[in-house]
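Below: the structure, in structure tokens.
The values are calculated or read from the model by the stated rules, or taken from the named source; none is laboratory data. Keep in mind it's a predicted model, so treat the numbers as computed, not measured. Cβ placement follows ideal geometry from the backbone for every residue including glycine, while neighbour counts extend to all protein chains displayed.
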Amino acid sequence: MNFTLLGILGIVALLLLLFAGLHMGVDFILVGLIGLSLLVNTHAAMSLLGETLYNAIASPTFCVLPLFILMGAFASRGGFAELAYANVHKICARLPGALAIATSFGCAVFASICGSTIATATIFGRLAYPEMKRYNYDTSYSLGAIACSGSFACMIPPSGMFILFAIFTEQSVGKLFLAGILPGILTAIVYSLSMYLRAKLYPHLAPVHPEEFKVTPRDRGKAFIGLWPIVLLSSIVIGGIYTGIFTANEAGAVGAMGTLIFGLIYGKLRRIEPIRSSLRETARTTAMLFFIIIAAMYFSRFLAMTRVPTDLATFLAGWHVHRHIVFACVIAVWFLLGMVIYQAAVFALTLPIIFPVLVSLGYEPIWICVIAMKLNEVAGITPPVGINAFALAGVTDSRVEQVFKGVLPFILCDVIVIIMLFMWPQIALYLPEHMF
Amino acid sequence: MIKFVEFINKICAEVCGWMLSVVMILLIVDVVCRTFATPVMGVAEIAMFVMIGTVYAGLGNCEMGYGHVRVGSVVEMLPPRYQKICMIAIYLIAIVTIGIASYAMCDNAWASFVDKEGIAGAVSYPLYPVKFVMALGMLVYTAQLIINLYKELRKPI
Amino acid sequence: SAKTYNFTYATNCPENTMRGVAEKQFLEELEKLSNGRIKIMPYWAQSLVKGKEILKSVQDGVVDLGFININYYPKRLLLNGATGLLEQGPTQYQNMIGVYEDIYAQIPELTAEFKKYNQRPVYIYSALPYSFSTRESLKNFADLNGMKARSSSRWKLADLGAIGAVPTSVAFSECYMALQTGTIDTVLTNVDAQSRAKLYEVAPHITVVKQMWLALPFMITMNETKYQKLPDDLKAVFEKARENSVKRFTAYYPQTLQDEISKMESKGAKISYASAADVAKWVSLPTNKNNQDTWVKEVSAMGAKDPQKILQSVFAINDKYLAKEQ
Ligand code: NA
Ligand code: NA
């Protein structure tokens, strides 16, 4: 059977079963299993499934993910999140969409300690979502804001993905880390503007509470001081990482412990029950989330076997048209592949083929990596295979459709950011050129 | 039987939760030892095993609470009768798929046991204990899917 | 017959690295010598399966050929781990390959382990020698005292402990950040890995130890069933491709070592070479003997017969080639 056709049929089958209501993880495994059986043979498909079930998550990066989720649960039940958001709400009183904007910048700060977009999305899902609900924010508006802001983690250093890109493209890790900072902040700003405008145009998305009009400048100042626990905890974690006491992975454990201790001092975690339910809830979310990751990886392996990603990349590599057309098609291919393949796999399969072509067409190597990272961010949130969206749906007990609905306006923002990066490459290149 | 599986799932959920705090403590012990004394080899690996065990042991409980992510909105637009048929079909597909995956996992765990498969690293722990936990977790997940199918069949339209 | 054979190949090495070059040469030879009757679809850089899954993937036919790093399978390729105990090795490529070829020709137990997993080694190559990347300059090995040191080999970690360093375990993917922030002070790994992971950006002092060999045969294996189905002339192509690739890589090796070193230097790394005294100190560490004893004890406990003899053969073969270079 024709490999390409099989790959396309696989994607179609995946989507059909998905909309028929089959569990996400089961869907991936089923289609992957049938596809690999047809491509190779049943024995090989089964063997690979057995291996994937273990190896997909057997790495230190995944090992700490549940601890970030636990950190979110402790922070939420321990009163940490409530305190933080109540203060932010006061500081930004009368500003439409303030909590969503604060979440966006919160994610950007958190990204400076965490390289995992899934971890960032889940922790803010657990922290911010209940608070945004408390202030009557629209469900999809809130979920979209969190899912998309979570993706800053791979653009703003430290970032495991940039290290991987550095190896594929022979670029300096340090330069790539620097190159990611401004585009990361730019994205946060563009997201915030869009959230502000949408909240202003459609007030039901983020209603302004009557009480907000009573807030005095003095209240705002008090609320600002009230943020000290966050400043303290982030200082400890950021300080701990950048002085080398613990690695970015271990920060998950330290952070979880920190929020637990805060909860104990603050009082809300002094009984065993909230701790127990935090643990239980985290275990459940972890099981759900990791099973999808494992299954998505298995499905991606099937797609890799059909050679659709590499064929597409090779086609673009040999295409003789204007370089901007090639570039636009590369973006389109990354976007489409990012929809259906686990994001890390998209770039492992295509970046080594596409990168040299873009360089020979005269694009700046570091800049290409930043663009690729931008598409990597987008891949995590686009349906149907948007791991961050699943993670968020799981941790907030909401429907994945609602997350995807909320994500759409932000994809438009991402397009704007990509266009800005295209028109002003210095956004990515300024820091690495001047600071390295 | 149903009670037994659901009891197992509840126990698992509780144990898994506490296991996560074990992971947290292990990693902190690792950091503290490295900072103030000599690093302890192999703690990070144990933390990883505990975490993987936790994931698989929690699958059944997650299914018990209907926690696995799915797109429900399309099915819900159907008339109740078709909704029920659709759900039954979905459970059947899920049972077969996860059943096959459980078999693949058991097979992998058995091979791991026969070979005394070990991990690469400073301390070479055997892999089969965690793989057996994974296999058991998958089997319990399958059992819970069967129970949920049974519940779906008994549900009035 | 004019039947063409389409094979898949899985590796954890990226295509654009020194290891990728070695593997690509072999794949090219296969395609060229078979006049296109063998076609290989490579999956570089773990883009299909992870490095640690390749042994089983080749065994069960998920892929037809694969790159095997013996270190990933400490129990499954138990006896193959013997080479990991070599400390000092030849510095010329033909001698390194000589050691590997003799080892696999003279110790059938090693190939038998691959056979057990339904595969056969079809090509072996060697990586560049060991080097330290350190945050502070390393005048001699005494400076390692108190440094938090990382190595992927448990034997090297023991050696590092004996020399006064603090053995630390950090995943290789974490090393860049860990060196940058000072979680660890030095990484001991071979020159090409050092250069590929850009560790010199954050730990710019690179001490190359040419005599310290990463005695880890990098293997390409093939699914035995698939191999047996090949007609005899194509089986012969595999043998010829191996020979040609060894020749090509022997010519390439000295230059690539120099290239990798110059490349790091041009990007700001400060390169130095370990002195003979340091190498002598390293090879006379008490842990060398302890490591061997531990290995023999552990391997015996796993049911292997006479691992002592295998170890002796490995060392004897290595000594023979070392003597050639004196
Ligand atoms: Na980050
Ligand atoms: Na996606």
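Looking at the structure I just gave you, is A:VAL237 closer than 17 Å to A:THR120 by Cα, at pLDDT 85 or above and surrounded by 20 or more Cβ atoms within 10 Å (Cβ to Cβ)?
no
Tell me the residue from C:PHE67, C:PHE114 that is of a type in the set (Phe, Trp, Tyr), closer than 29 Å to A:LEU39 by Cβ and not in a helix (DSSP H, G or I), please.
When all the criteria are applied, what remains is C:PHE67.
Restricting attention to the range A:347-361, which residues are within 12 Å of chain C (Cβ to nearest Cβ) and of a type in the set (Gly, Ala, Ser)?
A:ALA348
Restricting attention to the range A:52-67, report how many residues are surrounded by 24 or more Cβ atoms within 10 Å (Cβ to Cβ) and either modelled with pLDDT of 85 or more or among the charged types (D, E, K, R) (or both).
The number of residues fulfilling the criteria is 4.
Filtering the range B:51-65 down to residues that are more than 7 Å from chain A (Cβ to nearest Cβ) and surrounded by 24 or more Cβ atoms within 10 Å (Cβ to Cβ), which residue is farthest from B:MET105 (Cα to Cα)?
Within the range B:51-65, the match that is farthest from B:MET105 (Cα to Cα) is B:GLU63.
For the range A:13-52, what are the residues that are free of Cβ contacts under 8 Å to residues at least 40 places away in the same chain, facing chain B (nearest Cβ under 7 Å) and either in a strand (DSSP E or B) or of a type outside the set (A, V, I, L, M) (or both)?
Passing the criteria: A:PHE19, A:GLY21, A:HIS23, A:GLY50, A:GLU51.
For residues that are within 16 Å of ligand 1 (Cβ to nearest atom) and either over 24 Å from C:GLU15 (Cβ atoms) or outside any helix (DSSP H, G or I) (or both), tally how many sit in the range A:349-373.
Residues in the range A:349-373 being within 16 Å of ligand 1 (Cβ to nearest atom) and either over 24 Å from C:GLU15 (Cβ atoms) or outside any helix (DSSP H, G or I) (or both): 0 in total.
Conditions tested, residue by residue: (1) on the phi < 0 side of the Ramachandran plot; (2) away from every other protein chain (no Cβ under 14 Å); (3) under 16 Å from the mean Cα position of the chain (by Cα); (4) surrounded by 21 or more Cβ atoms within 10 Å (Cβ to Cβ).
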residue	(1), (2), (3), (4)
C:TYR125	yes, yes, yes, yes
C:ASN145	yes, no, no, no
C:LYS148	yes, no, no, yes
C:ALA158	yes, no, no, no
C:GLY164	no, no, no, no
C:TYR176	yes, no, no, yes
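List pairs: first residue in the range A:233-250 and more than 7 Å from chain C (Cβ to nearest Cβ), second residue part of a loop (DSSP other than H, G, I, E, B) and surrounded by 15 or more Cβ atoms within 10 Å (Cβ to Cβ) anywhere in the structure, Cβ distance under 6 angstrom, at least six positions apart or on different chains.
A:VAL237/A:ILE113; A:ILE238/A:ILE113; A:GLY240/A:PHE246
Suppose we filter A:VAL346, A:VAL378, A:VAL330 for residues that are assigned to a helix (DSSP H, G or I), aliphatic (A, V, I, L, M), without any contact (Cβ under 8 Å) to a residue 60 or more places away in the chain and within 14 Å of ligand 2 (Cβ to nearest atom); which single one remains?
A:VAL346
Confirm whether C:GLY61 is part of a loop (DSSP other than H, G, I, E, B), among the small types (Gly, Ala, Ser) and either touching a residue at least 60 places away in the same chain (Cβ under 8 Å) or closer than 25 Å to C:VAL299 by Cβ (or both).
yes
Restricted to the range A:381-409, and to residues that are crowded, with 24+ Cβ neighbours inside 10 Å, in a helix (DSSP H, G or I) and away from chain B (no Cβ under 14 Å), which residue is farthest from ligand 1 (Cβ to nearest atom)?
A:GLY406
Which number in (1) more than 15 Å from the chain's Cα centre (by Cα); (2) closer than 17 Å to A:GLY184 by Cβ marks the one condition that A:ARG94 misses?
Evaluating A:ARG94 over (1) more than 15 Å from the chain's Cα centre (by Cα); (2) closer than 17 Å to A:GLY184 by Cβ leaves (2) as the failure.
Just to be sure before I move on: is A:PHE80 away from ligand 1 (no atom under 16 Å from the Cβ) and out of contact with any strand residue (DSSP E or B) (no Cβ under 7 Å at 6 or more places or on another chain) in the structure I sent?
For A:PHE80, the condition - away from ligand 1 (no atom under 16 Å from the Cβ) and out of contact with any strand residue (DSSP E or B) (no Cβ under 7 Å at 6 or more places or on another chain) - is met.
Which of (1) assigned to a loop (DSSP other than H, G, I, E, B); (2) out of contact with any helix residue (DSSP H, G or I) (no Cβ under 8 Å at 6 or more places or on another chain); (3) within 14 Å of chain B (Cβ to nearest Cβ) is the odd one out, the single condition C:ALA304 does not satisfy?
Only one criterion in (1) assigned to a loop (DSSP other than H, G, I, E, B); (2) out of contact with any helix residue (DSSP H, G or I) (no Cβ under 8 Å at 6 or more places or on another chain); (3) within 14 Å of chain B (Cβ to nearest Cβ) is unmet by C:ALA304, namely (2).
Pairs under 8 Å by beta carbon, first residue farther than 15 Å from C:PHE26 by Cβ in the range C:220-238, partner modelled with pLDDT under 95, six or more apart or different chains?
Correct list of pairs: C:PRO231/C:SER1.
Does at least one position in the range A:261-276 carry a residue that is touching a residue at least 24 places away in the same chain (Cβ under 8 Å), of a type in the set (Gly, Ala, Ser) and within 30 Å of A:VAL407 (Cβ to Cβ)?
No, there is no match, as no residue in the range A:261-276 is touching a residue at least 24 places away in the same chain (Cβ under 8 Å), of a type in the set (Gly, Ala, Ser) and within 30 Å of A:VAL407 (Cβ to Cβ).
Within the range B:88-120, which residues are closer than 18 Å to B:VAL140 by Cβ, of a type outside the set (Phe, Trp, Tyr) and touching a residue at least 12 places away in the same chain (Cβ under 8 Å)?
Once the filter is applied, which keeps residues that are closer than 18 Å to B:VAL140 by Cβ, of a type outside the set (Phe, Trp, Tyr) and touching a residue at least 12 places away in the same chain (Cβ under 8 Å), the range B:88-120 yields B:ALA94, B:ILE95, B:ILE98, B:GLY99, B:ALA101, B:SER102, B:MET105, B:CYS106, B:ASN108, B:ALA109.
Considering only the range B:121-134, state which residues are in contact (Cβ under 8 Å) with a residue 40 or more places away in the chain and within 16 Å of A:GLU51 (Cα to Cα).
Matches in the range B:121-134: B:PRO129, B:VAL130, B:VAL133, B:MET134.
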